[in-house]
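See below for the structure under consideration.
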Amino acid sequence: MNKIMKNTITILLLILCCQVNAFSNNIGHISGKLILDDTWDRKIYVSYLKTFEKEYAVSNDIIITSATIDSLGNFKIDLKKVPTEWSFFRLHIVKKGVSPNSLVIGSLDENFMHLIAKQDSEIELFNTGGRPIFSNTKINGADHMKTFDYIKKLSNYPNSIDYEKSIIEKEFIKEVVSEKLKSVADTCKHPLVSLYAIYQIDFQANYLVNPKFYEDYLSKWENENSSYFYSFRQKFHIVEDDFSNENTIKHIIFFMSVVGFITVGVLILFKRKNQNINQLSIQERKIFDLLRNGLSNKEISAECNIELTTVKSHISSIYSKLKIKSRKEAVNFKI
């Protein structure tokens, strides 16, 4: 019995050791070699960026790990603090004496690069020693970064051209690049790389022009529940609300405009009618009132004590001034 117990315990210990070993083997790393001059601090930092809106955010709170760069430029970053799902990161270094949360953007001293990775990633980085430090960095173990780098170069292309002050040409090229980025996003199979391409477009404005593309895109990735897609979907709720509000406002303005035009038209019509009425002489006004009350020409002649021919003459003048043609119109004429 003791022998059976011993064998059982041995087997359980072996299984436990295998599981621990398997777990430890699932922790990846980012390693490589950076050629640096003496102005740089010998440390590389990793920032975890939870949404693409925070691509250039700077804070000590988002730096999740770091590693030392040896005298030859070699480094190795353990990824045990990195999420198990695909996530967006920034690697950066700083000059000596500068705070670790310092970021230099858009110059020869630019000090960072972006990376999409997860906890079990095995990635190698090698720079060329040029400036900026991370320009033309060779990346091994992350094929999706080829598409990512292509997206960055494509999105930067409109700003790299001398347009000779031609705004129209610049807008045309930006539109072409925007369509190309949408094509990359549509065909890319890596969810975060695809979404990154969308973020290089002014997608909230573009949605109003081509909503079907974005509706299809959201449907395609509806099962993606990362913080990146959550933030993206929230943007579209805002756009749809703004679009709905904008349409409501447009409808209200249109309705008020129609009411305004009708009101003005009615006022003008009444004003013209009043002006026409005012053109009638005192005698004509009296005859017109009798006409409206249904009196015949003879009755009007007797009522006004004037000749029948005079009545007819006055009626003809009234019709002309009021632009009517019959007694029926006279009766229906609104004053």
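Each reported figure results from applying straightforward, stated rules to the coordinates on display, with no laboratory input. Owing to the predicted nature of the structure, the values given are computational and were not obtained by experimental measurement. Using ideal geometry, Cβ is built from the backbone for each residue, glycine included, and neighbour counts are taken over all protein chains shown.
For segment 16-129, the relative contact order comes to 37 percent (Cα pairs under 8 Å, sequence separation of at least 6). Within the same chain, aspartates and glutamates fewer than 8 places from Lys325 are excluded, and of the rest, those with a Cα less than 19 Å from its Cα are Glu284, Asp289.
For Asn140, what charge total do you get from the other residues with a beta carbon under 9 Å from its beta carbon, if Lys and Arg give +1 and Asp and Glu give -1? Don't jump to the answer; show the numbers that get you there.
Details: positive: Lys138; negative: Glu122, Glu124.
Taking every Cβ under 9 Å from that of Asn140, the sum is -1.
A cut-off under 10 angstrom between Cβ atoms defines the neighbours of Tyr196, and their net charge, with Lys, Arg +1 and Asp, Glu -1, is 0. Placing unit charges on the Cβ atoms of the charged side chains and taking the dipole of segment 27-142 about its Cα centre, the candidate lying farthest along the positive direction among Pro83, Trp40, Ile139 is Trp40. Annotation: average projected area of segment 27-142 is 6.6 square nanometres, based on the convex hull of Cα atoms across all directions.
Annotation: extensible slack from Asn210 through Asn156 equals 17.2 nm (criterion: 0.36 nm per residue apart, minus Cα-Cα distance).
Counting 0.36 nm for each residue step from Lys174 to Lys81 and taking away their Cα separation leaves a gain of 29.6 nm.
Residues whose amide H comes within less than 5 Å of that of Ile77, counting only those at least five positions distant or on another chain, are Ile30, Ser31 (H built at 1.01 Å from N in the peptide plane).
Among residues other than His314 whose Cβ falls under 11 Å from its Cβ, what is the net charge (Lys/Arg +1, Asp/Glu -1)?
Result for the neighbourhood of His314: +2.
Peptide packing: for 115-123, 293-301, the average count of neighbouring Cβ atoms within 10 Å per residue gives the ranking 115-123, 293-301, highest mean first. In whole percents, the pair-distance distribution calculated for segment 95-244 from its alpha-carbon pairs, binned every 5 Å from zero, is 2, 7, 14, 16, 18, 16, 13, 9, 4, 1, 0.
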